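The values are calculated or read from the model by the stated rules, or taken from the named source; none is laboratory data. Source: prediction; values computed, not measured. Here Cβ is always computed from backbone atoms with ideal geometry, including for glycine, and neighbour counts include all displayed protein chains. Areas reflect the complete protein model, heavy atoms only, side chains present, ligands, DNA and RNA absent. Shrake-Rupley method; radii C 1.70, N 1.55, O 1.52, S 1.80 Å.
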Amino acid sequence: MEQPDTESITIFLLMLQNQICDALTAIDGRAVFQEDCWQRGSGRGRTRVLRQGKVFEQAGVNFSHVHGNSLPASITTHRLELVGRAYQAMGVSLVMHPENPYVPTSHANIRFFIAEKPGLAPAWWFGGGFDLTPFYGFIEDAIHWHRTAQAVCRPFGVDVYPRYKRWCDNYFFLKHRNEARGIGGLFFDNLTTPNFAQAFSFSRAVGQGYLDAYLPIVERRKFHPWGERERQFQLYRRGRYVEFNLIWDCGTLFGLQTDGRTESILISMPPLARWEYHYEPDPDSPEAVLYRDFLPVRDWLKD
């Protein structure tokens, strides 16, 4: 397997973090990102957090570059050939938690791994994607989100979007609830083909496509009026976000298993959330529409 250009990947990831933070600061219009650069035995990072903005109650955009002598079980359980290899992992990961319940939460990340052992060719791969978690769904927003995802994938093959959309639908699913986290988007992992240059190019396209997918939705919804009813439903659905991140998310598990910086790993958590025993929305209410029309997997580009 060819030797990847890790320096170019690092440069791109830092640039992507800057680009996303600048765009989100501009659309928020009030708060700015606070930066926390950190270094520890297992690596370094640059955590940026925006809080109590005009649009975003909390937003985190993190860069990290960590390394270790052996990959954790969250990786090797499914890839036994990597047991005992030293590794590097670098990436940008972000989660947006808007205050207005009509603006959806969003998540994106681009990551790169390389695992090495003397006498063996390095094993490397890219992963990442972006997904959307609305509380009150709008058909035009869902179509725009998936149309942008399709446009990102199109230069790399007509089969790429449907494959990675399906992977996203399957991954961001709360198995213990039998319920999707949101309306999906793109998710890919273990990407090495057809070569390093193409895999890196696709990963760059996904990272840069996130703003094209998300910002128009934020612009359309950020001034939508809302009240206590919508706020309470948003906080309830945020509880599902917490459940997924702490139970099923591989990135959270990887960070904790590699002695990562906990404050940076858990910046994906919403600042406020709530749980309610056996909640069921009123039939045909706006809350029920989310469960009926948006959370079930569907082909948004046929609507």
Could you say whether any residue in segment 22-34 is over 30 Å from W226 (Cβ atoms) and touching a strand residue (DSSP E or B) at 6+ places or on another chain (Cβ under 9 Å)? no
Residue among G84, G129 that is under 30 Å from N170 (Cβ atoms), in contact (Cβ under 8 Å) with a residue 60 or more places away in the chain and not hydrophobic (A, V, I, L, M, F, W, C): G129
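Output the residue which, of all residues in segment 1-60 that are part of a loop (DSSP other than H, G, I, E, B) and within 15 Å of A89 (Cβ to Cβ), is farthest from the chain's Cα centre (by Cα).
Filtering first and then ranking leaves G41.
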Looking at this structure, is R221 under 17 Å from the mean Cα position of the chain (by Cα), open to solvent by less than 30 Å² (accessible area, probe 1.4 Å) and farther than 30 Å from Y87 by Cα? no
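Results for (1) within 30 Å of D36 (Cβ to Cβ); (2) modelled with pLDDT of 95 or more, shown as yes or no for each residue.
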residue: P225; (1), (2): no, yes
residue: G239; (1), (2): yes, yes
residue: T252; (1), (2): yes, no
residue: T258; (1), (2): yes, no
residue: S268; (1), (2): yes, no
residue: L272; (1), (2): yes, yes
residue: W275; (1), (2): yes, yes
Say we look at segment 253-265 and pick out the residues that are polar (S, T, N, Q) and part of a helix (DSSP H, G or I); which of these is farthest from T77 (Cα to Cα)? S264
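To keep it simple, each residue is scored yes or no on (1) open to solvent by less than 10 Å² (accessible area, probe 1.4 Å); (2) within 22 Å of V218 (Cα to Cα); (3) of a type outside the set (D, E); (4) out of contact with any Lys or Arg (no Cβ under 9 Å at 6 or more places or on another chain).
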| residue | (1), (2), (3), (4) |
| --- | --- |
| L14 | no, no, yes, no |
| L24 | yes, yes, yes, yes |
| V32 | no, yes, yes, yes |
| D36 | no, no, no, no |
| A59 | yes, yes, yes, no |
| T76 | no, no, yes, no |
| M96 | yes, yes, yes, yes |
| E99 | no, yes, no, no |
| S106 | yes, yes, yes, yes |
Using the structure shown, decide if A205 is part of a helix (DSSP H, G or I), closer than 22 Å to P4 by Cβ and either within 16 Å of the chain's Cα centre (by Cα) or at pLDDT 95 or above (or both). yes
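Yes or no, residue by residue, for (1) under 22 Å from I20 (Cβ atoms); (2) in contact with a strand residue (DSSP E or B) (Cβ under 8 Å, 6 or more places away or on another chain); (3) polar (S, T, N, Q):
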residue: N69; (1), (2), (3): no, yes, yes
residue: S74; (1), (2), (3): no, no, yes
residue: A86; (1), (2), (3): no, yes, no
residue: V92; (1), (2), (3): yes, yes, no
residue: P98; (1), (2), (3): yes, yes, no
residue: G128; (1), (2), (3): yes, yes, no
residue: T133; (1), (2), (3): yes, yes, yes
residue: G137; (1), (2), (3): no, no, no
residue: A142; (1), (2), (3): yes, yes, no
Kindly establish whether G91 is of a type outside the set (A, V, I, L, M) and either within 29 Å of Q234 (Cβ to Cβ) or surrounded by 15 or more Cβ atoms within 10 Å (Cβ to Cβ) (or both). yes
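Here are T148, T193: which of them is of a type in the set (S, T, Y), without any contact (Cβ under 8 Å) to a residue 24 or more places away in the chain and more than 22 Å from S74 (Cβ to Cβ)?
One residue alone meets the criteria, T193.
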Residue match in segment 231-252 (condition: in a helix (DSSP H, G or I), over 20 Å from G182 (Cβ atoms) and not hydrophobic (A, V, I, L, M, F, W, C)): no
Total residues in segment 49-78, condition within 20 Å of F112 (Cα to Cα) and either without any contact (Cβ under 8 Å) to a residue 60 or more places away in the chain or among the β-branched types (V, I, T) (or both): 12
